[in-house]
Amino acid sequence: MFGSTGPAPSIGESALGLARAVLMHGPISRGDLGRRLGLSPASLTRLSKPFLDSGLFVEVSDSQTSGVGRPTKPLDVRLDGRRFVGVKLTGDGAFGVLTDLRVNELASAHRRLDGRDVAGVVRQLCSLVLELANGAPLAALGVTVGGQVIGSRVVARAPFLAWRDVDLASALEAGLGIPVLVENDVVGLAAAEQWFGAGRRTASFAVVTVGIGVGYGLVINDQVISTRDSGLGLGGHVPLDADGPLCGSGHRGCSDAMLTQGSIRAQVSASLGREAEYDEVLALAAAGVPAALSVLQASGRALGRLVALIANIAMIDTVVLSGEGIGLWTVVADQIVAAAHGDRDAEATPVRISVDDTGTSSWARGAAAVAIQRTLTRFTVAD
């Protein structure tokens, strides 16, 4: 799919590839689709039929038709044909967005959790979703959480919620009556970047998130990598600075110690002799205050090293930076870029760094992207 030289894609893979191409590039002619996907006109007609019949695709008039020959009917998605909700669930709150098929945000809402018991959280999530829907029908709900998720349904482990083996999808489906997909938050963000963000330009890339923790997601040959270990925070203890501070687990200079908001705040607060919030730290560093700037510069170098390490080992050349702590990019982008390039072989493809600074909204849109992808999969032609 998408120019690969491996085995021919299955019918289901081709149909999903068609859906993705129309979502990304529509309105697009069948000729362009055939060339892009390597499909014959007959195959395109067969594969597009379920999407047209369901109302997900529409044929639009071609305003560029010259009048010579048979008029073409490019394909596009019907943006008003389906609505989705994506929710990012944290240890103390839930942020949700209502989107169309291209994950354009139509509305947003937030709930602060009253507690962490499953029944109470489910009630609050249902209330949030119904508020966003505002009486309109929804195609599906996607929920992402920082932790391990099994089978897009069960939260096996979510440390911030103190949850284990919670069948969140079934509980929400019982309360809402719509399909629910649950996924690790970084996996969901990678899915959103793959279809609607920086990943549109490449088949393989990585996502690194910085905030409360350090997250890492990977897309290889248009496949979002999701395993049982996704959500364990395996990118959180990569050694980056032998002279750096200790993390909570006693590792010196690891990614958690160098990049998380809590660690950065703690270091700057100790230097100032008072508590400083993360936004203040960024402002002080931007103003050149040494106590803040030195910490942010060290964090920037560490993030650049992590970018290069991921690019080198995964053999990719695109890394997306995101998360609620990515504001450090505006202060020390030069440190990040220099370190990333410095740890890269001189003859390797230069690393391209893309920054998604939309904050909490990007996490929720990632959850919606998961729901959209799974919904489209249901309309593919079975092998």
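The values are calculated or read from the model by the stated rules, or taken from the named source; none is laboratory data. Everything numeric in this text was worked out from a predicted model, so none of it was measured. A quick note on method: Cβ atoms are made from the backbone with ideal geometry, for glycine too, and the neighbour counts reach across all protein chains shown. When the accessible area is computed, the model is the full protein with side chains, heavy atoms only, and any ligands, DNA or RNA have been set aside. Shrake-Rupley method; radii C 1.70, N 1.55, O 1.52, S 1.80 Å.
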Furthest towards positive pole of dipole, I225, T90, G31, structure part the chain, Cβ charges
G31
7 Å from Cα along Cα→Cβ at both T377 and R35: what's the point-to-point distance in nm?
3.2 nm
Scan the chain and hand back the longest stretch that contains none of the chymotrypsin sites (Phe, Trp or Tyr not before Pro) lying in DSSP loops with at most 15 other Cβ atoms within 10 Å.
161-383
Let me check the size of segment 236-375 from its C-alpha atoms; what are the radius of gyration and Dmax in Å?
15.9, 53
Mind putting a number on the dipole of the chain about its Cα centre? Charges go on the C-beta only, +1 for Lys and Arg and -1 for Asp and Glu, and I need it in Debye to the nearest 20.
940 debye
Using only the Cα atoms of segment 300-383, build the gyration tensor, take square roots of its eigenvalues as a ≥ b ≥ c, and label the shape rounded, prolate or oblate: rounded if a/c is under 1.5, else prolate if a/b is larger than b/c, else oblate.
oblate
Please give me, ordered by residue number, the trypsin sites (Lys or Arg not before Pro) of segment 113-222 that lie in loop per DSSP and have at most 14 other Cβ atoms within 10 Å.
R116
Those residues of segment 70-99 whose amide nitrogen sits under 18 Å from the label point placed on D114, 7 Å along Cα→Cβ
90-95
Could you please state how large a percent of the accessible area of segment 87-180 is carbon and sulfur, counting protein chains only and using a 1.4 Å probe?
51 percent
Computed [θ] at 222 nm, deg cm²/dmol, the chain (DSSP H ≥ 4; -39,500 (n - 2.57); rounded to nearest 500)
-13000 deg cm²/dmol
Angle in degrees between helix 261-272 and the longest Cα principal axis of the chain, rounded to the nearest 10:
30 degrees
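Longest span of the chain, sites excluded, free of GluC sites (Glu not before Pro) in DSSP loop with at most 16 other C-beta atoms within 10 Å?
1-274
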At a threshold of 8 angstrom on Cα-Cα distance, excluding pairs fewer than six apart, so keeping six or more, what relative contact order does segment 106-212 reach in percent?
22 percent
Using only Cα atoms, tell me the angle between helix 118-133 and the longest principal axis of the chain; keep it within 0 to 90° and round to the nearest 10.
50 degrees
For S54, the accessible surface traced by a 1.4 Å probe with all protein chains present amounts, in square angstrom to the nearest 10, to 30 Å²
Total charge of the residues flanking P159 in space, meaning their Cβ is under 15 Å from its Cβ, with Lys and Arg +1 and Asp and Glu -1, is -2
Give me the three principal axis extents of the chain from the C-alpha atoms, as integers in angstrom, largest value leading.
74, 55, 36
Helix 41-54: inclination vs the chain longest Cα principal axis, degrees, rounded to 10, gives 80 degrees
Take the alpha carbon atoms of segment 264-335, find their center, do the same for segment 200-229, and report the distance between the two centers in whole angstrom.
20 Å
In the full protein assembly as shown, how much of L272 is accessible to a 1.4 Å probe, in Å² to the nearest 10?
60 Å²
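Quick one, can you get me the convex hull of the C-alpha atoms of segment 119-267 expressed as volume per residue in Å³? Each step should come with its number before you reach the end.
Details: hull volume 20.8 nm³, N = 149.
Hull volume normalised by residue count: 140 Å³.
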Value of relative contact order over segment 237-383, rounded to a whole percent, pairs C-alpha under 8 Å and six or more apart:
17 percent
If you count only protein heavy atoms with a 1.4 Å probe, what accessible area per residue comes out for the chain, rounded to a whole Å²?
44 Å²
Hey, any idea what % of segment 277-325's accessible area is carbon plus sulfur with a 1.4 Å probe?
60 percent
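Select from segment 299-383 those trypsin sites (Lys or Arg not before Pro) which occupy a DSSP coil region and have at most 13 other Cβ atoms within 10 Å, ordered by residue number.
Loop-located and lightly packed - R378.
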At a Förster distance of 35 Å, what's the computed FRET efficiency of S170 paired with A287, Cβ-Cβ distance as r, to 0.05?
0.10
Nearest-0.05 FRET efficiency for E347 and D92, computed from C-beta distance (R0 35 Å)
0.15
